[in-house]
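K.L.:
This is the structure I want to talk about, given as structure tokens.
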Amino acid sequence: MGGVHAEVFAEHPRARLAAVCDLDRGAARELAGRFAVETVTDDLDSVLSDDRIGLVVVTTPNALHAEQAARALRAGRHVLVEKPLALTSDEIRGLLRLADERGLVLAHGSNFVHSPKFRRVRELVADADAFGRPHLARVVVRNGGPDSGWCLDPALAGGGVLLDLGCHAVEICRWLLGGAEVRAVTARSQRVRPRAGRVEDQATLLLEFADGALGQCDVSWACPGGEEITTEVLGTSGRAGADLWAGMGVHAFSERGFASVWEPNQGWVRPEWEWVRASGYTHQDHAVVEAVLDGTPLPHSAVEAWTSARVLEAAAESAATGRTVELAPSPNGHPVPDAVRGGDRVH
């Protein structure tokens, strides 16, 4: 993932790659060579003491995210952490507090909510006149399994597919429904392939939202034939969805007609798909640059990672016990007390 982020930041006219840090010095030199980065190191402290560096991007194994992000924040650096932001909601709360106290940007990897296709779906769902009340959202995120062996080691990954892909699916689902609060979670998980070892490689979640809507999230590392990432939302008078990797764009239907679409007709609408820009990394990372340099609020807050972590913790409990798990309402929808929060750098 470090290479993906490096490529995107290298495209931004106001960003410059200053250092590559990796315990694998060969991998670090290879990445640095691709982007003409002078500093190559395996020492994070040397990076954090480098005054040229304003933003640190953490793409290490999951279990290291919270500790390395905290070190960067304490050193006065803005931080972007690949998903999951941390292994637990408590760890994420601590990072949010730390960033707020220091007035620093804390961003997390949730690239799919920055996908132009999915953002268009969300716009259509928000058109209440055409779409009605959203009552069911379905998100599917599945593939043939991770390439990195550490992803199957609970000590490094912190879990299986529920954490790895579930954080994407839950966040997309809530976001499509306008950030609705999850009231209860029912989940089932399984190990389909022997390769999964001690972690689950497939899971299904049913989310019950406080406003009465339902969400279904299917995640899998046991999907033959390649990756699938799809969304669909049903409303009382419309539906909309998208397949991230399919050639066509967004599909949408309204009984009343949408106010703004490429093809202004009632019924099925299939806009042209050439405008789609991959899976959202460009929009996500460029927004982080603008937050750091201009103080522009992030379009998708790291608070959402905390909310998703609470849902995933409930899902893990439900999968282990076979019972539905209810979530306590979050105060003001934010894990950090108002007295600590000093601005909108993180929100």
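K.L.:
Past the 26 angstrom mark, what percentage of all C-alpha to C-alpha distances in the chain do you count?
P.N.:
Tail of P(r) above 26 Å: 51 percent of Cα pairs.
K.L.:
What does the charge add up to near residue 137, with Lys and Arg as +1, Asp and Glu as -1, over the other residues with Cβ less than 10 Å from its Cβ?
P.N.:
Net charge around residue 137: +1.
K.L.:
Continuing with the same structure: Tell me the net charge near residue 217. Cut-off is 14 Å between Cβ atoms, residue 217 excluded, with +1 for each Lys or Arg and -1 for each Asp or Glu.
P.N.:
Result for the neighbourhood of residue 217: -3.
K.L.:
Given the peptides 182-190, 99-107, 146-154, arrange them by the average over their residues of other C-beta atoms within 10 Å, most packed first.
P.N.:
99-107, 182-190, 146-154
K.L.:
Under the rule of at least 5 residues apart or a separate chain, name every residue whose amide H is placed under 5 Å from the amide H of residue 58.
P.N.:
Close amide H contacts, sequence-distant or interchain: 80, 81, 82.
K.L.:
May I ask for the net charge around residue 47, where only other residues with Cβ less than 12 Å from the Cβ of residue 47 are counted and Lys, Arg are +1 while Asp, Glu are -1?
P.N.:
After counting each charged neighbour, the total is -3.
K.L.:
Using Cα-only point scatterers and the Debye equation, what is log10 of I(q)/I(0) for region 2-109 at each q in 0.14, 0.15 Å⁻¹, rounded to two decimals?
P.N.:
Results for region 2-109 at q = 0.14, 0.15 Å⁻¹ read -0.53, -0.61.
K.L.:
Treat every Asp and Glu Cβ in region 119-218 as -1 and every Lys and Arg Cβ as +1, leave all other atoms uncharged, and give the resulting dipole magnitude about the Cα centre to the nearest 20 debye.
P.N.:
Using Cβ point charges on Lys, Arg, Asp and Glu, region 119-218 gives about 260 debye.
Values quoted throughout were computed directly from the atomic coordinates according to the rules given, and no laboratory measurement underlies them. Worth saying up front: this structure is predicted, and the values here are computed from it rather than measured. We place every Cβ from the backbone using ideal geometry, glycine too, and count neighbours over all the protein chains shown.
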